[in-house]
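Trainee: Pasting a structure below so you can have a look.
A short reminder: the numbers here are calculations on the coordinates, not readings from a lab. This is a predicted model, so every value here is computed, not measured. Cβ: placed from backbone, ideal geometry, glycine included. Neighbour counts: every protein chain shown.
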Amino acid sequence: MQRYFVPVEQYGDDSVVLLGDDAHHASRVMRMRAGDSFIASDGKGREALVKASAVSSDRVEGTIVEQLSADREPAWQITIAQSLPKGDKMELIIQKGTEIGAYAFIPFESERMIVQYDAKKEAKRLERWAKIAKEAAEQAHRSRVPDIVKPASWKQLLGMMGDYDLVLFCYEEEGRAGTGGGLRGALEPLKNRRDVRALVVVGPEGGFTDKEAEDARTAGAVVVGLGKRILRTETAGFVALTALLYESGEMGGN
């Protein structure tokens, strides 16, 4: 069943209203008619089965039929800090990371970053990324849309690291020894915990410098490799995210 994330001001006690792109999607793409049902979530824990009562291209009104459980989020809140990649790779990272279960995304600037960051385009880019995250969260039947913060400098990112229970700094040099650079060891203290806030830091196409790795260590990060192979920048975050979710019990078991 089609799902929509609705701003809290459009989500009432007994009714829901879809506006803008959501209303257009419901009426034109999904061919919704009065009497059809959809699921609405306010992204804050409220979720309901809604029956459409009036449908137009710019507004869909609906009546809440049943309150639903909204417990589909991972136990661990895992944020991906991604050095800005070239092209549309960030869109892929946000889309697939949202599907897998990322809690938030922090784009940041690093020394070997290939793309030329343009602050003038920041607002439009953030709007585009937010839309991608919303659509991916709806498709994956998530209970919330991941946060995407404005791009940070390297210094700003270092200052954020103390806010997390675990920071994994993904560094290919740590994986060359073939041991995975201590990823298992880094996760060991978190076993059986349900309230972990973790940050996964991924470098650009050109990788991190030795100085950046040392900076991260000093800021409290655990520098790890992700195996013997060199991963693309758009792949590394998914691997680390999945490993963390597995460790949290997200994939089943204890």
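Trainee: For ALA186, are the conditions met, namely being surrounded by 15 or more Cβ atoms within 10 Å (Cβ to Cβ) and either hydroxyl-bearing (Ser, Thr, Tyr) or within 30 Å of MET1 (Cα to Cα) (or both)?
Mentor: Numbers: surrounded by 15 or more Cβ atoms within 10 Å (Cβ to Cβ): yes; either hydroxyl-bearing (Ser, Thr, Tyr) or within 30 Å of MET1 (Cα to Cα) (or both): no.
For ALA186, the condition - surrounded by 15 or more Cβ atoms within 10 Å (Cβ to Cβ) and either hydroxyl-bearing (Ser, Thr, Tyr) or within 30 Å of MET1 (Cα to Cα) (or both) - is not met.
Trainee: Another one. Just a yes or no: is a residue in the stretch 40-63 among the hydrophobic types (A, V, I, L, M, F, W, C), touching a residue at least 12 places away in the same chain (Cβ under 8 Å), part of a loop (DSSP other than H, G, I, E, B) and surrounded by fewer than 18 Cβ atoms within 10 Å (Cβ to Cβ)?
Mentor: Start the filter on the stretch 40-63 by keeping residues that are among the hydrophobic types (A, V, I, L, M, F, W, C), which leaves 40, 48-50, 52, 54-55, 60.
Subset that is touching a residue at least 12 places away in the same chain (Cβ under 8 Å): 40, 48-50, 52, 54-55, 60.
From the residues that got through so far, the ones that are part of a loop (DSSP other than H, G, I, E, B) too are none.
Within the stretch 40-63, not a single residue is among the hydrophobic types (A, V, I, L, M, F, W, C), touching a residue at least 12 places away in the same chain (Cβ under 8 Å), part of a loop (DSSP other than H, G, I, E, B) and surrounded by fewer than 18 Cβ atoms within 10 Å (Cβ to Cβ).
Trainee: Considering only the stretch 77-129, state which residues are in a helix (DSSP H, G or I) and closer than 25 Å to ASN192 by Cα. Steps first, please.
Mentor: Filtering the stretch 77-129 down to residues in a helix (DSSP H, G or I) leaves 89-100, 119-129.
If the condition is that a residue be in a helix (DSSP H, G or I) and closer than 25 Å to ASN192 by Cα, then GLY97, THR98, GLU99, ILE100 are the ones that fit.
Trainee: What helices (runs of 4 or more DSSP H) completely inside the stretch 140-254 contain at least 1 residues that are under 27 Å from GLN116 (Cα atoms), in contact (Cβ under 8 Å) with a residue 24 or more places away in the chain and charged (D, E, K, R)?
Mentor: Values: elements: 154-160, 172-175, 183-187, 210-218, 233-248.
Fully inside the stretch 140-254 and qualifying: 172-175, 210-218, 233-248.
Trainee: Within the stretch 64-76, work out how many residues are in a strand (DSSP E or B) and crowded, with 18+ Cβ neighbours inside 10 Å.
Mentor: Within the stretch 64-76, the first condition is being in a strand (DSSP E or B), and the residues that meet it are 64-67.
Checking which are crowded, with 18+ Cβ neighbours inside 10 Å leaves us with 64.
Residues meeting the conditions: 1.
Trainee: Please work out if ALA34 is in contact with a strand residue (DSSP E or B) (Cβ under 6 Å, 6 or more places away or on another chain) and exposed (fewer than 13 other Cβ atoms within 10 Å of the Cβ). Can you show your working first?
Mentor: Values: in contact with a strand residue (DSSP E or B) (Cβ under 6 Å, 6 or more places away or on another chain): yes; exposed (fewer than 13 other Cβ atoms within 10 Å of the Cβ): yes.
Answer is yes for this residue.
Trainee: Out of all the residues in the stretch 35-47, which are over 11 Å from GLY62 (Cα atoms) and in contact with a Leu (Cβ under 7 Å, 6 or more places away or on another chain)?
Mentor: Going through the stretch 35-47, the residues over 11 Å from GLY62 (Cα atoms) turn out to be 41-47.
Correct list: GLU47 only.
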